[in-house]
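Below: the structure, in structure tokens.
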Amino acid sequence: RKKQFRNDAMLVFEFLQLNPGVFLLFCTLLGLSLGSFLNVVAYRLPLMMEQDWRQQCKELLQPDTEGPTPPAVETFNLSRPRSRCPKCGHQITALENIPVLSYLLLRGRCSGCGEAISSRYPVVEMVTGLLSLIVAWRFGLSWQTAAALPLTWALVALSLIDFDHKLLPDSIVIPFIWLGLLLSLGGVFASSDAAILGAAAGYLSLWGVFQLFKLITGKEGMGYGDFKLLALFGAWLGWHYLFQIILLSSLVGALVGIGLILLRGRDRNIPIPFGPYLAAAGWISLLWGESINDFYVSWAGLA
């Protein structure tokens, strides 16, 4: 069976090598499908975390004592209960859950009550499909693609959650830090030395900025999740990409922040989540970081 499986795998690999268009289409469709799941993750994971925190606080403040058995609570995780309309409770069927297509066929409304469905759902699906296509096009049929696709999907989920709740869950960030370090053993994106130094330097650099800012202003300029996210990119790409990522994310974050203040009158004291900009900068560095570094070195040499 193992031999037959290896033979089948080799045939599939050779077919995709000879038909790159099929490979790109497969990755795009996979990204579209995962985009639908990422919408669920972005909505449910923060609620699951809050539920867990409440339970921990309850156990801390009210130690176990003999008493009536608490009522059963409906299971709530990434798979249960099934997705449903928040207004009428209509359960989403498989045909109503086809990425993008179902939204168009339903004309953006619930089939049960006609309530409008947020356009964010198909947008996230399309963006995830597009990003998956770009990764597959950039790296081709390779180990880099196999690793970069899950990271891309994780970054989409982290960006959505941070935008909504100003949280970067450890349950997503920490496993990908370890995955980046493991990938460095094979030199997929960086050597082990560069990855280990990158993870440490990524965390400590932002932690140092955080402590200095807090000392000067008495305020917290960013969250610990941002430190861990930069450590993630350090583990995947190595320490020599950290400056590029910080520069890109700071530039984009500053431009967006200034734009929100000028165009929408946003209060400058309202915190803006840094995670989405850090994720975007890290993803760009993952795909084109070496070219950006080479361009900068060439430009600096000419200057």
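The values are calculated or read from the model by the stated rules, or taken from the named source; none is laboratory data. Everything numeric here is computed off the predicted structure, so don't read it as measured data. Neighbour counts run over all protein chains shown; Cβ positions are idealised from the backbone, glycine included. To get the accessible areas, we keep the full protein, side chains included, count just its heavy atoms, and leave off ligands, DNA and RNA. Shrake-Rupley method; radii C 1.70, N 1.55, O 1.52, S 1.80 Å.
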Seminar exercise, completed: Within region 207-263, the count of residues that are basic (Lys, Arg), assigned to a helix (DSSP H, G or I) and surrounded by fewer than 19 Cβ atoms within 10 Å (Cβ to Cβ) comes to 1
For this session: Return yes when PHE5 is at pLDDT 80 or above and out of contact with any Leu (no Cβ under 8 Å at 6 or more places or on another chain) and no when it is not.
Result: no
Exercise. Of the residues in region 264-275, how many are open to solvent by 30 Å² or more (accessible area, probe 1.4 Å) and at pLDDT 70 or above?
Worked result: 2
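For the condition within 27 Å of MET49 (Cα to Cα), touching a residue at least 40 places away in the same chain (Cβ under 8 Å) and open to solvent by less than 60 Å² (accessible area, probe 1.4 Å), what is the one hit in PRO169, PRO150?
PRO169
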For this session: Say whether the condition of being open to solvent by 70 Å² or more (accessible area, probe 1.4 Å), farther than 28 Å from ALA280 by Cα and among the acidic types (Asp, Glu) is met by at least one residue in region 102-120.
Result: yes
Seminar exercise, completed: Within region 116-168, restricting to residues that are assigned to a helix (DSSP H, G or I) and basic (Lys, Arg), the one that is modelled with the lowest pLDDT is ARG120
Exercise. Taking only pairs six or more apart or across chains, which ones have beta-carbon atoms under 7 Å, a first residue in region 47-64 that is in a loop (DSSP other than H, G, I, E, B) and of a type in the set (A, V, I, L, M, F, W, C), and a second residue that is at pLDDT 85 or above and open to solvent by less than 100 Å² (accessible area, probe 1.4 Å)?
Worked result: none
Problem set entry | Residue that is at pLDDT 80 or above, open to solvent by 90 Å² or more (accessible area, probe 1.4 Å) and within 21 Å of the chain's Cα centre (by Cα), where the choices are PHE26, PHE15 | PHE26
For this session: Read through the list (1) at pLDDT 95 or above; (2) under 24 Å from ALA9 (Cα atoms); (3) surrounded by fewer than 20 Cβ atoms within 10 Å (Cβ to Cβ), then give the number of the only condition that ASP193 fails.
Result: (2)
Exercise. Just for region 172-204: of the residues that are of a type in the set (Val, Ile, Thr) and within 18 Å of the chain's Cα centre (by Cα), which one is nearest to MET49 (Cα to Cα)?
Worked result: ILE172
